[in-house]
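In what follows, a structure is listed as structure tokens, so that the remarks can point back to it.
The values are calculated or read from the model by the stated rules, or taken from the named source; none is laboratory data. Just so it is clear, the structure is predicted and the values come from calculations on it, not from any experiment. Neighbour counts are summed over all protein chains in view; Cβ atoms, including those assigned to glycine, are modelled from backbone coordinates with ideal geometry. All accessible areas refer to the heavy atoms of the entire protein, side chains included, with ligands and DNA or RNA removed. Shrake-Rupley method; radii C 1.70, N 1.55, O 1.52, S 1.80 Å.
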Amino acid sequence: MKKNTFTFILLLIIGLVAGSLVGQLLASVPALAFLTKSVELSWDPKADLLVLKYDMHFQLKLNLISILGLIGAFWIYRKL
């Protein structure tokens, strides 16, 4: 199978989403609280160019399990 950028990005997104879902499922377990504590990264680019005006909001919530999902997705990509 040919490795390409689209496959790589798709696998990384799937790994992040899967890790986040597992993190939400494990949030109710008190012994695993350190795995589910999230750090939020956000970026708000905006501009008014008289002809074009935009305002966007990007937000990324990372926890240890979502990072493990990201690493797992990278490992799967390497095995392809």
Helix axis angle, 5-25 relative to the chain longest principal axis, alpha carbon, degrees: 60
Probe 1.4 Å, protein heavy atoms only - accessible area per residue of the stretch 1-54 in square angstrom: 84
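Over the chain, with every protein chain in place, what whole percent of the accessible area is carbon and sulfur at 1.4 Å, could you tell me?
Reported share for carbon and sulfur atoms: 70 percent.
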Structure-based [θ]222 nm, the chain - -39500 (n - 2.57) summed over DSSP H runs of at least 4, per residue, nearest 500: -16500 deg cm²/dmol
Estimated vicinal HN-Hα couplings, Hz - the stretch 42-47 in sequence order (Karplus 6.51, -1.76, 1.60; Gly, Pro = x): 9, 9, 10, x, 8, 7
Dipole of the chain [Lys/Arg +1, Asp/Glu -1 at C-beta], most positive-end residue of TRP75, ILE13, ALA27: TRP75
Formal net charge of residues neighbouring ALA73 (Cβ-Cβ distance under 14 Å; K, R +1; D, E -1): +3
Space enclosed by the convex hull of the alpha-carbon atoms of the chain, per residue, Å³: 109
Reach of LYS3 by Cα under 22 Å, taken over lysines that are not fewer than 8 positions away in the same chain: LYS79
Separation of the THR5 and LEU52 label points, Cα + 7 Å toward Cβ, nm: 1.9
